Structure formats: structure tokens, C-alpha cells
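What follows is a single structure, written as C-alpha cells, with notes after it.
Read-outs throughout are calculated quantities, based only on the coordinates presented, and are distinct from any laboratory measurement. None of these values were measured; they are calculated from a predicted model. Methodologically, a virtual Cβ is constructed for each residue, glycine included, from the backbone with ideal geometry; neighbour enumeration extends over all protein chains shown.
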Amino acid sequence: MKRRAKGYTISAVADHYEIHQQTLRLYEREGLLKPSRSDGNVRLYTEEDIERLELILGLTRDLGVNLAGVEVILNMREKMEQMQQEFNRFFEYMQQYIANAATQQPSNAKEALVPIRRTSITIRSTNKRNSE
């Protein structure tokens, strides 16, 4: 594929993936692809655009998904990635919180009504195969 500064041209992408340039324009009109533009208004496809195109082609060619289905799948993937990032941030926050709490004992711990004990948590599987 011929590469220009910061991206691949529409003709290079179309030739490489054996699709018509109008197909790429359709994907852009439908909002499935969003290539950047050069100063001369030439579409430039980044590596991220190419990965997204490969996913679109896999869904349409291999699985027979129509463009409306592709849009739903891509939107769901983006939401799942966002949720995963939020979960990772929350998990890191909880790890830091627990680490900080474990190292800090209240100054009046000896005077507490209930003694503080360090414990560890063991998670056991509730799967029937493991309990038999």
C-alpha cells in the first residue's frame, strides 16, 4: 500500500483490500469510518482506520452482517472498551485504597472496643464440579 504523510490514500486502501473506492466512501457516509483529510482534502486512512476497516470487512464478508448490524457491533465494542477502562481505573483505585488502609493503623487502635486483626481473603469456587 502506498503511504502518504500520516496515512494511506483511498486508492491504496481500496486496491489493497480489493474493494471499490465508492465502498470506502459509503462506509464514511454511514459513519463507520472517519478518515482524516489532507490540506488538499484527500482522504488519509490511519493505522486505526485500517484496523477498523478490517473489522468491518470481516463482519460483512465473513459473517454476512449488514451495515446497520456493523454499526451496532462497533458501537457496542466502543462502549465495552470504555467500560473496561472505567473498571480498570476503579480497580486501581481500590488497590491503592486497600494498600493505604493496610499500612495505616488508627492511633487509638489499642483503645478500640474491637481489636483489629489482619486477615486474608480466600475466594472459593461455587462450581459444582469443584465442590464434589
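A few notes on this one:
- Where a label projected 7 Å from the Cα of M1 along Cα→Cβ would reach, residues of region 51-77 with amide N under 20 Å: 51-63, 71, 74
- Per-pair calculated FRET efficiency, R0 = 35 Å: E78 and V114 via Cβ, rounded to 0.05: 0.15
- Using a Förster distance of 30 Å, the FRET efficiency for H20-T46 (Cβ separation, nearest 0.05): 0.90
- Close amide H contacts of L33 (hydrogens built in the peptide plane, cut-off under 5 Å, sequence separation of 5 or more or a different chain): E28.
- Estimated at 0.36 nm per residue, the fully extended path between E71 and K34 surpasses their Cα-Cα distance by 12.0 nm.
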